[in-house]
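Remarks on the structure that follows.
The values are calculated or read from the model by the stated rules, or taken from the named source; none is laboratory data. Everything numeric in this text was worked out from a predicted model, so none of it was measured. Here the Cβ positions follow ideal geometry from the backbone for every residue, glycine too, while neighbour counts run over all protein chains shown. For the accessible areas, the whole protein counts, side chains as well, though only heavy atoms, and no ligand, DNA or RNA atoms are used. Shrake-Rupley method; radii C 1.70, N 1.55, O 1.52, S 1.80 Å.
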Amino acid sequence: MRLLVTTFNSPDYNMDEAFHFKKAALDSKLLDTDRMSELWSSFPQELGHTAAAPGIRAIERHGARLFSFLSLSLHAGKGWKRLIEPKHLPVLKRWLASLYEEPVDCWVIGGHHDIRYDRPVCWGDDEVADLVGFHINEQDELCWFGSRTAKAGEDRLERLPMRDARAKLRSVRLMLVLGCNAVPVARFGEHWDKPMAQRWREWLRPTGAKPLIIGWFSTQSMPLNTENLHAAPKFWSSMADLKRELNLGADALKVLCEQYPLRVAQAWGDACYHAFNASKKRSKLWGLKWQGVPPVKKGQFGSGCGAVLPDGSIYHANHKYRGGGAEQPLIHVGDLP
């Protein structure tokens, strides 16, 4: 069982949840390897990051190794523009493609996350003219992109399609978005106005994949590294408890997400409650009260943790939950097509 983390979170600011997620996932034994560790020793130095030559940052922290792609997008995409120079571009293409060369069972994406032209996109620094990120292109391929120097009439984007990515992501059972809009929100009177989960599901559907998607409704900010607030350790501890309770084997993550998805979602909700509910600054990562009752009729959601189960049912933080008792952490609020 393999983990893949592709994140634009900032190593210096708000990336610690990703490190804790990886460490706790591997410690739980529900995942036994991750793609970033597999690629660590072979990472091309020319793609790396220095102050003078920005690129992809390789960081080891909290017992986990990850790459951050944020520096590609900072300062109007300076790092990206360096790596798409002719002498670096073939190496960049090969290395990005290598992220998806092995089957992935748990996929984490981090950074800004929204819909552009009815397609999901994840990116780094929020400079509209110089976005660097990945999205689903018009050919239904996962595609990394960023701005480039172009003559009049030429495409302003350098596009690097990952043509084999969808085939390797067909085994994804669990998907976490460390950013905004992972779970659909409804605004302006329209239900599911930000259907990122639906779009990822539709893209993976031809492969037979039906991932359980966890994350948050609406817009929010990940905790600062200095705040030491993390949902991942408790989540994976609960997942390990479920594995033992049900006497599952090496395919426990697959079985849990396919046969017991609501229990996985509730473990996520409980972890978010214990991590964020008591924090004045980050309580919306547990859940703010809905604006309108009931939310589906009013078409108004506040923020909060949530999940989309493989069958399309949508769950949101339950504000009656107090860490135990008869109430469950998440409650059903709607369904995707």
Inset, instruction - Provide 32, 251, 270 ordered by accessible surface of protein heavy atoms (probe 1.4 Å), highest first. - result: 32, 251, 270
Legend entry - Cα centre as origin, Lys/Arg/Asp/Glu Cβ charges: the chain dipole, Debye: 360
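Working out 0.36 nm times the residue gap between residue 247 and residue 224, then minus their Cα-Cα distance, what length gain in nm do you get to one decimal?
Working: separation 23, 0.36 × 23 = 8.28 nm, distance 3.69 nm.
Using 0.36 nm per residue and subtracting the Cα-Cα distance, I get 4.6 nm.
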Inset, instruction - With a 4.7 Å Cβ cut-off, tell me which Cys residues in the chain come up empty for a partner. - result: 106, 122, 143, 180, 257
Inset, instruction - Note down the accessible area of residue 274, probe 1.4 Å, to the nearest 10 Å². - result: 100
Inset, instruction - Starting from the amide H of residue 304, placed 1.01 Å from N in the peptide plane, find each other amide H under 5 Å away whose residue is 5 or more places distant or on another chain. - result: 217, 288
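What length, rounded to one decimal in nm, is gained on full extension from residue 335 through to residue 205, with 0.36 nm per residue of separation minus their alpha-carbon distance?
Working: separation 130, 0.36 × 130 = 46.80 nm, distance 1.65 nm.
Taking 0.36 nm per residue and subtracting the Cα distance, the gain is 45.2 nm.
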Legend entry - Paramagnetic label zone (point 7 Å from Cα along Cα-to-C-beta, residue 94; backbone N under 13 Å) in the range 22-65: 42-47
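For a distance above 28 Å, tell me the whole-number percent of Cα pairs in the range 19-152 that qualify. Walk me through the intermediate numbers first.
Details: 1600 of 8911 pairs.
Counting every Cα pair in the range 19-152, those more than 28 Å apart make up 18 percent.
Based on the Cβ-Cβ distance of residue 37 and residue 320, what FRET efficiency does E = 1/(1 + (r/R0)^6) give at R0 = 56 Å, to the nearest 0.05? Can you show the working numbers first?
Values: r = 41 Å, r/R0 = 0.73.
Plugging the Cβ-Cβ distance into 1/(1 + (r/R0)^6) gives 0.85.
Full extension from residue 159 to residue 50: what is 0.36 nm times the residue separation minus their Cα-Cα distance, to one decimal in nm? If you can, show how the numbers build up before the last one.
Details: separation 109, 0.36 × 109 = 39.24 nm, distance 2.40 nm.
Using 0.36 nm per residue and subtracting the Cα-Cα distance, I get 36.8 nm.
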Legend entry - Mean residue ellipticity (222 nm) of the chain, computed from DSSP H runs ≥ 4 via -39,500 (n - 2.57), nearest 500: -8000 deg cm²/dmol
Legend entry - Leading residue at positive end of dipole, the chain (Cβ point charges), from 10, 321, 172: 321
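Give the carbon-plus-sulfur fraction of the accessible surface of the chain in %, rounded to a whole number; probe 1.4 Å, heavy atoms of protein chains only.
The C+S portion of the solvent-accessible surface of the chain is 49 percent.
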Inset, instruction - Give the accessible area for residue 20 in Å² (nearest 10); use a 1.4 Å probe, count only protein heavy atoms, and leave out ligands, DNA and RNA. - result: 40
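For the chain, what value does the Rg/Rh ratio take when both radii are computed over Cα atoms and Rh is the Kirkwood radius, given to two decimals?
Dividing the radius of gyration by the Kirkwood radius yields 0.96.
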Legend entry - Residues whose placed amide H lies under 5 Å from that of residue 10, excluding near-sequence neighbours: 15
